[in-house]
Amino acid sequence: MTETGWPLIPREVLPAPIAAAAKRRPPPRPQVPDLGRQLPFFGAETTEPSPADLAGLLAGPGRLGRMGGTARVSVEVEDAWRVHVLVPELVVRGLTAQWRPLPADSSAADEPVDPDLLEDGRGDPPHPDAGRRVPAPGELSLTTGRRPAASEEESETTEELGRREVRHKEVEAGQTPQEPEPPPPPRFEVLTAYTRRLNGLARGWPEAATQLFLSGPRLRLWVAAAGKPVPGGYSLGLDPVKDSVAVDAALVRAGLAGRLSDDGRHYLIAGKKRLRRLAELVGERPDAAPERMWPSAAGA
């Protein structure tokens, strides 16, 4: 993988879920005095984090689930570093957070709703990766239990031999051998527990989207889940089945007017003034996020 930020969570070694009993509210992010920088109102560094901030995920690709008298929010992400950023952000808001890898040929929306993460006195179920050490961001982990190959011939699998034979026949026939397509990048789902703490958000959604106020903490979660730089600006990922009109209006109210991409999957923000405002609202880049992926780099 050559994509920036990979591998943070290799396929072979994935971080275990955060146990509810072991969670502690981390200290607030340190404020570094900067006489030349004025923090914006409602920015991520001047506003107390709250479960209501998950409205930022729902404005983007996040999804709301309900079960009984509880609710949860889940979001599908394409980069491993986003898991490292989102899980602590959810924990600091007093929520139980977990994640799971997604098969390359399926979507989280296709999976049945599982009542696995329940607060209110019930413990979380055992996770298949429980007990494994969480690799530090940028750390490479080796696969255990794999016998080192004695030679190149011994390490080849039947599938590799079959591909080589096909390429050999194509060369003999005068055809240009076709290189195998690279495997799709891994995808993950980050999700909260079902909890009453999200009932206030769930009660008004999706009607509340028409009056959505995108504060700095809400935009920070959105950027962490689906933000990336694009030529000439910055892109926020969307769920194409949601009402883009309400999202556009919320971003205009936040001073981040942009335009919807042709496929309806991204909201594009351009212009130095708007990019600078986005960077100020979402706050400092988390350590796990690649520098070029954070709005501060796009607005520089």
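Each residue in the range 200-237 was checked for being of a type in the set (Phe, Trp, Tyr) and open to solvent by 50 Å² or more (accessible area, probe 1.4 Å), and 1 pass. As a summary of the residue check, Glu189 satisfies the conditions (1) among the acidic types (Asp, Glu); (2) closer than 20 Å to Arg72 by Cα; (3) free of Cβ contacts under 8 Å to residues at least 60 places away in the same chain except for the one numbered (3). For the range 250-267, the set of residues classified as among the aliphatic types (A, V, I, L, M) and either surrounded by 16 or more Cβ atoms within 10 Å (Cβ to Cβ) or assigned to a loop (DSSP other than H, G, I, E, B) (or both) consists of Ala250, Leu251, Ala254, Leu256, Ala257, Leu260, listed by residue number. Candidates Val247, Val190: the one that is under 17 Å from the mean Cα position of the chain (by Cα) and either closer than 26 Å to Val85 by Cα or at pLDDT below 90 (or both) is Val190. Among the numbered conditions (1) closer than 18 Å to Pro61 by Cα; (2) not in a loop (DSSP other than H, G, I, E, B), the only one that Ser296 does not meet is (1).
Collect the residues in the range 68-89 that are modelled with pLDDT of 95 or more and not in a helix (DSSP H, G or I), keeping them in residue-number order. Passing the criteria: Thr70, Ala71, Arg72, Val73, Ser74, Val75, Glu76, Val77.
The values are calculated or read from the model by the stated rules, or taken from the named source; none is laboratory data. The structure displayed is predicted, hence computed values, not measured ones. Note that we place each Cβ from the backbone using ideal geometry, even for glycine, and neighbour counts take in every protein chain shown. Ligands, DNA and RNA are stripped out before the accessible areas are found, and what is left, the full protein with its side chains, is counted by its heavy atoms. Shrake-Rupley method; radii C 1.70, N 1.55, O 1.52, S 1.80 Å.
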